[in-house]
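K.L.:
This is the structure I want to talk about, given as structure tokens.
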């Protein structure tokens with residue numbers, strides 16, 4: 001008798017994409033230059049919110065979620081502050097490299113294929129979306145019955161893409177049929193689970209490798225950065241420390 005379970009296992013084995021990272025990246029919305037239309041989905045409950053926030057330290061081509069997003073101390077942020085305080089050009093360059101870049105995640109329907117994807121973005125695009133929520137002509141974009149699709153317009157502007165022309169579609173509309181909406185809500189990704197903060201000792205050891213001495217003082221402020229390098233970030237997602 002043919003072992004169906006063994007055949008199923010073999011089928012999954014030969015059809016599996018090379019590397020788990022490819023499967024992981026498939027969850028994310030990839031945007032080319034031009035216009036990408038999406039529908040922002042609500043979260044399953046009102047407790048966590050429809051977006052998740054993080055800060056990413058990139059050290060030696062590996063990404064680490066900053067503990068400060070959870071209100072905990074971070075040796076790399078402390079080191080970043082101390083390096084800036086030296087006002088030494090070489091130290092400031094190191095500070096820029098280790099600075100935690102803000103990241104935001106949302107579940108969206110990709111109108112190109114109707115699939116639920118994770119929209120990962122920096123401050124600029126996130127601010128454009130918040131502008132729409134606060135605009136009296138719009139409102140809750142996540143309303144699946146009376147919300148708005150969002151048009152992401154990506155243009156090349158220096159080292160980072162520009163999203164200045166991004167805006168909601170002019171008319172509100174249902175996100176889809178009741179059946180489509182139910183399916184999408186069943187398929188939303190755990191964006192809050194993406195933010196797995198790095199261990200304090202891990203970050204402390206990284207700080208020691210950079211400076212030779214551990215971080216000694218905790219600061220409450222760090223220098224802000226304005227980059228919005230989504231492609232650069234997504235290209236490194238395969239190296240996120242907790243995945």
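K.L.:
Determine the principal axes of the Cα atoms in the stretch 32-239, then give the extent along each, sorted from largest to smallest and rounded to whole angstroms.
P.N.:
The Cα atoms of the stretch 32-239 stretch 59, 34, 32 Å along the principal axes, largest first.
K.L.:
Kindly list the residues of the stretch 142-169 that lie in the label zone of residue 186, defined by a backbone N under 14 Å from the point 7 Å along the Cα-to-C-beta vector.
P.N.:
None, by backbone N distance to the label point.
K.L.:
Could you please rank 160, 84, placing first whichever residue has the fewest other Cβ atoms within 10 Å of its Cβ?
P.N.:
160, 84
K.L.:
How far apart, in nm, are two points set 7 Å out from the Cα along the Cα-to-Cβ line at residue 112 and at residue 70?
P.N.:
Reported label-point gap for residue 112 and residue 70 is 3.4 nm.
K.L.:
While we're on this one: Using the number of other C-beta atoms within 10 angstrom as an exposure proxy, rank 46, 149 with the fewest first.
P.N.:
Least to most surrounded, the residues fall as 46, 149.
K.L.:
In nm, to one decimal, how far is the residue 62 label point from the residue 151 one, both placed 7 Å along Cα→Cβ?
P.N.:
4.4 nm
K.L.:
Between the stretch 97-166 and the stretch 32-75, what's the alpha-carbon centroid distance in Å?
P.N.:
12 Å
K.L.:
Calculate the spin-label point distance for residue 178 paired with residue 160, positioning each point 7 Å from the Cα along the beta-carbon direction, and give it in nanometres.
P.N.:
A separation of 4.4 nm, rounded to one decimal place.
K.L.:
Most exposed first by the Cβ proxy, i.e. fewest other Cβ within 10 Å, how do 121, 106, 30, 185 rank?
P.N.:
By the 10 Å Cβ count, ascending, the order reads 30, 185, 121, 106.
Just so you know, all these numbers are worked out from the coordinates, no wet-lab data involved. These numbers were taken from a predicted model, which means no experiment stands behind them. Don't worry about glycine lacking a Cβ; one is built from the backbone with ideal geometry, like all the others, and counts go over all protein chains shown.
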